[in-house]
Structure formats: structure tokens, C-alpha cells
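**Q** Following this message is one structure expressed as C-alpha cells.
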Amino acid sequence: MIKLLHLVDDEFQSQTAAKCDLLIHIGIESIQYTIIDKVRDELKALVEYELPVISNEGDLIEAIEGLSECNKEFKYPFNKIKISIDTYQFTFIPDELYQSGNDEEYAKFITNTQHSVILCNPVPAAKLKNIIAINSDLHRALNRIFHHPKIYGQASTFIQGIIKNFKQNTEPSIYIDIHKKHIQIAYFKQSELSFYNMFDCINATELNYFILNIIESLQVDIEHTHIILSGNVIKDDEFCQRIEKYFNDITFADSRVIVNHPELFNGVSSQTFFSLLTLDQCE
């Protein structure tokens, strides 16, 4: 795999891992991880690898096992290990309708659960449960490679992170998380989650289509809707320019409100790893 970013504090050692959390995101096109010192509330590492072409779960497992960190750093005795996975296999159940023990029934709303393990991710900030299906071989591999990991779908961490970090936002808001091959979009109205989904998206033209579709289907008031961007997007790039065609109130998510960034990480745009760092706010 190609290493895209590798920033690790020299002070981080195996003997300090017990006071740190390891957060990993297994995406569609990359694997990211960060280490957070929970005592100092600061980043100790931020690393990203580009995934090779993945045709099945076996390829993904092999890619994860091929990381050099699996033979050393990932074996350290971390305080907690949390893993988020990009998956289209999910469904939301409001807390008032959720009944413990019925996860397999709720999973019938998911299109493909064959050879899958069904997990329930509470999203307390949104008062819902996210039911996800994860390939059983991948689930077994993650529990073998890592020590008692907590596993989440990307929707759980993104929504929880939005609400916890933007709870002051009372105006209608659309959160767009942009990556190389996909996007996440969440729409909040009157501080309540009205819409969330993840879409395949490889260029600004496709993003433009999704924006127009959401404006029309959700009857978005473009004059009074706040846009918050995260992921692989920067001011004045092609993605940002498409969004500026429709909206004027645009800001970037700031992951520094989640955890302190020492000087080592100053060169990293604060919105780039927002969805990874929201894992820190899931329990």
C-alpha cells in the first residue's frame, strides 16, 4: 500500500500506549488511523494509506494484515481501540422504536446480510440506533488482529460527531464529507437529523448532481442553509466551487475542536480527518 501521510510523535512508545486510544477508519479507498493521548487530550499519530484495488473481503483483510503496524504498534496495550468502516449496509431505528434483541429483524431492512454479522451502534446524540451488517470474515479478522475493538459504521461516527461539535447550529445545515470515491451527506433541520446517506462520487460533476437532488427532494432553502465541509476538500477547489454555485454560507469542519493538535500536525488541514476523529466521541 502507498503511504499517503505518516506523522507520529517521537514521544509515543509502547509504555505510553495504555493512556492512549487507537482509532482506525477502514474506508473505500484508504485506511486511516490516529492515536490520541487521553490524559493530555492531544494527537500522537496521524497516518493514512491508500488501499490497493479491493475486489472482495479477503483482499481487504490481506491489506490490513499487510500494514507494518500490525506487527508492532497495533499490538501495544492501548486504553481503547475503535474502528469505523465505510458500509452501505445500514439502517436507522429510532430509540423509541428500538427493542433489544430484535437486531436480526431490523437487519431485514438492509439489502445484503448474507455471510454477515449484525451490529448495533447506538447514536445517542441523534436518539437512534444504527444497525449495520459487516462481513463475518472481516469481523472475525478485526477481532483477531486487534484487542477487543469496538466497531462502528461510518454513519454512526459522522452523525455523533456532527451533533456533539455543532450543537450550537440551530439553522438548517448540510454536512458534506468528501473523499476520493464517495461522499457522506447529512441534513439537519431545527437541530434534528432529517437525512443521511453515503454515495459513490468520483468527481465534482457527480457531486453537483447529488446537491441538486437533495435541494429538490428535501426542499432545501438555499438562502438560509449552512454548509459544513469535511474530508478531501479545500477552499476554491472544484468540489467547493460547485457547492458555491448554490450556497453562500460555507465553512469547514475543524477537527481541533475534538482533540488538540500539537505543532507536528499543523500542516494537516483541520477538516481532512474530521470523520476519523469523530470516533473519539463514540462510546
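The values are calculated or read from the model by the stated rules, or taken from the named source; none is laboratory data. As the structure is a prediction and not an experimental result, all values here were calculated from the model. Quick reminder, even Gly has a Cβ in these numbers, built from the backbone with ideal geometry, and neighbours come from all protein chains shown. Keep in mind that these areas ignore ligands, DNA and RNA; they rest on the heavy atoms of the full protein, side chains included. Shrake-Rupley method; radii C 1.70, N 1.55, O 1.52, S 1.80 Å.
**Q** From the residues in region 191-202 that are in a loop (DSSP other than H, G, I, E, B) and over 21 Å from Lys127 (Cβ atoms), which one is least open to solvent (accessible area, probe 1.4 Å)?
**A** Of the residues in region 191-202, the ones in a loop (DSSP other than H, G, I, E, B) are 191, 201-202.
Narrowing the set further to residues that are over 21 Å from Lys127 (Cβ atoms) leaves 201-202.
Working: Cys201: 1, Ile202: 107 Å².
Within region 191-202, the match that is least open to solvent (accessible area, probe 1.4 Å) is Cys201.
**Q** In region 156-190, how many residues are surrounded by 18 or more Cβ atoms within 10 Å (Cβ to Cβ), assigned to a helix (DSSP H, G or I), touching a helix residue (DSSP H, G or I) at 6+ places or on another chain (Cβ under 6 Å) and not hydroxyl-bearing (Ser, Thr, Tyr)?
**A** Total satisfying the criteria: 6.
**Q** Let me ask something else. Within region 213-248, track down each residue that is touching a Phe, Trp or Tyr at 6+ places or on another chain (Cβ under 8 Å) and either over 24 Å from Ser270 (Cβ atoms) or free of Cβ contacts under 8 Å to residues at least 12 places away in the same chain (or both).
**A** Ile214, Ile215, Leu218, Val220, Ile222
**Q** Still on this structure, please answer the following. Among the residues of region 98-111, write down those that are exposed (fewer than 11 other Cβ atoms within 10 Å of the Cβ) and either out of contact with any strand residue (DSSP E or B) (no Cβ under 7 Å at 6 or more places or on another chain) or aromatic (Phe, Trp, Tyr) (or both). Break it down stepwise before answering.
**A** Step one: filter region 98-111 for residues exposed (fewer than 11 other Cβ atoms within 10 Å of the Cβ), giving 99-101, 104, 108, 111.
Within region 98-111, Gln99, Ser100, Gly101, Lys108, Thr111 meet the criteria.
**Q** Something else about it: Could you identify the single residue in Ile61, Ile85 that is surrounded by 13 or more Cβ atoms within 10 Å (Cβ to Cβ), at pLDDT 95 or above and out of contact with any His (no Cβ under 6 Å at 6 or more places or on another chain)?
**A** Values: Ile61 fails: at pLDDT 95 or above.
So the residue among Ile61, Ile85 that is surrounded by 13 or more Cβ atoms within 10 Å (Cβ to Cβ), at pLDDT 95 or above and out of contact with any His (no Cβ under 6 Å at 6 or more places or on another chain) is Ile85.
**Q** Filter region 232-256 for residues that are touching a strand residue (DSSP E or B) at 6+ places or on another chain (Cβ under 9 Å) and part of a helix (DSSP H, G or I) and give the result.
**A** Phe239, Cys240, Ile243, Glu244, Ser255
**Q** Applying the selection to region 106-128, what residues are charged (D, E, K, R) and farther than 30 Å from Ser191 by Cβ?
**A** Of region 106-128, the ones charged (D, E, K, R) are 108, 127.
Across region 106-128, the qualifying residue is only Lys108.
**Q** Quick one: would you say Leu276 is at pLDDT 95 or above and either open to solvent by 10 Å² or more (accessible area, probe 1.4 Å) or of a type in the set (D, E, K, R) (or both)? Write out each step before concluding.
**A** Details: at pLDDT 95 or above: yes; either open to solvent by 10 Å² or more (accessible area, probe 1.4 Å) or of a type in the set (D, E, K, R) (or both): no.
Judged against the criteria, Leu276 is not a match.
**Q** Okay, next question. Can you name the residue in region 9-48 that is in contact with a Ser or Thr (Cβ under 6 Å, 6 or more places away or on another chain) and under 30 Å from Gln114 (Cβ atoms) and is also surrounded by the fewest Cβ atoms within 10 Å (Cβ to Cβ) among such residues?
**A** Among those that are in contact with a Ser or Thr (Cβ under 6 Å, 6 or more places away or on another chain) and under 30 Å from Gln114 (Cβ atoms), it is His25.
**Q** For Thr205, only one of the following conditions fails: (1) closer than 26 Å to Asp249 by Cα; (2) open to solvent by less than 30 Å² (accessible area, probe 1.4 Å); (3) in a helix (DSSP H, G or I). What is its number?
**A** Among (1) closer than 26 Å to Asp249 by Cα; (2) open to solvent by less than 30 Å² (accessible area, probe 1.4 Å); (3) in a helix (DSSP H, G or I), the lone unmet condition for Thr205 is (2).
**Q** Could you list, in sequence order, the residues of region 133-155 that are in contact with a Cys (Cβ under 8 Å, 6 or more places away or on another chain) and buried (at least 22 other Cβ atoms within 10 Å of the Cβ)? Explain how you work it out, then say what you get.
**A** To start, the set of residues in region 133-155 that are in contact with a Cys (Cβ under 8 Å, 6 or more places away or on another chain) comprises 145, 150, 152.
Across region 133-155, the qualifying residue is only Tyr152.
**Q** How many residues are of a type in the set (D, E, K, R) and crowded, with 17+ Cβ neighbours inside 10 Å when one looks only at region 112-131? Spell out how you get there, then give the answer.
**A** Here is the first cut: in region 112-131, the ones of a type in the set (D, E, K, R) are 127, 129.
Narrowing further to those that are crowded, with 17+ Cβ neighbours inside 10 Å: 129.
Result for region 112-131: 1.
**Q** A further question follows. Which of the residues belonging to region 129-176 are more than 28 Å from Glu65 (Cβ to Cβ) and either in contact with an Asp or Glu (Cβ under 6 Å, 6 or more places away or on another chain) or aromatic (Phe, Trp, Tyr) (or both)?
**A** Phe166, Tyr175
**Q** Which one of the conditions (1) touching a helix residue (DSSP H, G or I) at 6+ places or on another chain (Cβ under 7 Å); (2) more than 29 Å from Gln89 (Cβ to Cβ); (3) open to solvent by less than 30 Å² (accessible area, probe 1.4 Å); (4) aromatic (Phe, Trp, Tyr) does Phe265 fail to meet, given that it meets all the rest?
**A** Phe265 satisfies all of (1) touching a helix residue (DSSP H, G or I) at 6+ places or on another chain (Cβ under 7 Å); (2) more than 29 Å from Gln89 (Cβ to Cβ); (3) open to solvent by less than 30 Å² (accessible area, probe 1.4 Å); (4) aromatic (Phe, Trp, Tyr) except (1).
**Q** Continuing with this model, one more query. Out of region 219-258, which residues are closer than 23 Å to Gln32 by Cβ and either buried (at least 20 other Cβ atoms within 10 Å of the Cβ) or of a type in the set (Asp, Glu) (or both)? It would help to see each step written out before you state the result.
**A** Here is the first cut: in region 219-258, the ones closer than 23 Å to Gln32 by Cβ are 228-235, 237-240, 251-258.
The answer is Ile228, Leu229, Ser230, Gly231, Val233, Asp237, Glu238, Phe239, Ala253, Asp254, Ser255, Ile258.
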